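Take a look at the structure below.
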Amino acid sequence: QVRLVESGGGLVQAGGSLRLSCVASGDTMCISAMGWYRQAQGKERESVATVTSGDSTDYADSVKGRFTISRDNSKNTVYLQMNSLKPEDTAVYYCKVNSMRGVYWGQGTQVTVSS
């Protein structure tokens with residue numbers, strides 16, 4: 001089992017920045033890819049950014065050039081640096097990890113960007 005705890009969400013004005021963190025605990029030795037997803041009210045959950053165990057990254061077109069995903073394996077943590085935030089980035093952001101034992105999700109953290 002892997003437990004994920006996200007932090008760093010909040011309210012920010014358009015153009016501002018936030019940094020999300022997701023700390024994994026439990027059976028972390030089996031973790032491979034890590035990623036961030038988001039779900040806006042009334043919309044489906046979508047992938048924002050992912051990072052593999054080899055540090056290859058992938059981003060949604062809507063966040064390229066503004067968001068940066070990174071991971072610190074020594075701390076079992078994945079980060080999402082979000083710059084130049086827009087009102088359309090408002091959503092609940094979820095951390096997800098892929099493990100040999102399955103797929104795990106965090107509880108989510110709210111990000112609200114005011115115009």
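The values are calculated or read from the model by the stated rules, or taken from the named source; none is laboratory data. For clarity, every value in this text was computed on a predicted model and none was experimentally measured. Methodologically, a virtual Cβ is constructed for each residue, glycine included, from the backbone with ideal geometry; neighbour enumeration extends over all protein chains shown. With ligands, DNA and RNA removed, areas are computed over all heavy atoms of the protein, side chains included. Shrake-Rupley method; radii C 1.70, N 1.55, O 1.52, S 1.80 Å.
The rows are residues; the columns are (1) among the small types (Gly, Ala, Ser); (2) in contact with a strand residue (DSSP E or B) (Cβ under 6 Å, 6 or more places away or on another chain); (3) at pLDDT 95 or above.
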position	(1), (2), (3)
4	no, yes, yes
10	yes, no, yes
15	yes, no, yes
18	no, yes, yes
28	no, no, no
36	no, yes, yes
53	yes, yes, no
- Query: Residues in the range 83-115 that are of a type outside the set (Ser, Thr, Tyr) and under 22 Å from residue 42 (Cα atoms): how many?
  - Reply: 16
- Task: Just name the residue that is most open to solvent (accessible area, probe 1.4 Å) out of those in the range 86-107 that are aliphatic (A, V, I, L, M) and in a strand (DSSP E or B).
- Result: 103
- Message: Here are the criteria: (1) within 11 Å of the chain's Cα centre (by Cα); (2) acidic (Asp, Glu); (3) within 16 Å of residue 113 (Cβ to Cβ). Tell me which single one residue 6 does not satisfy.
- Response: (3)
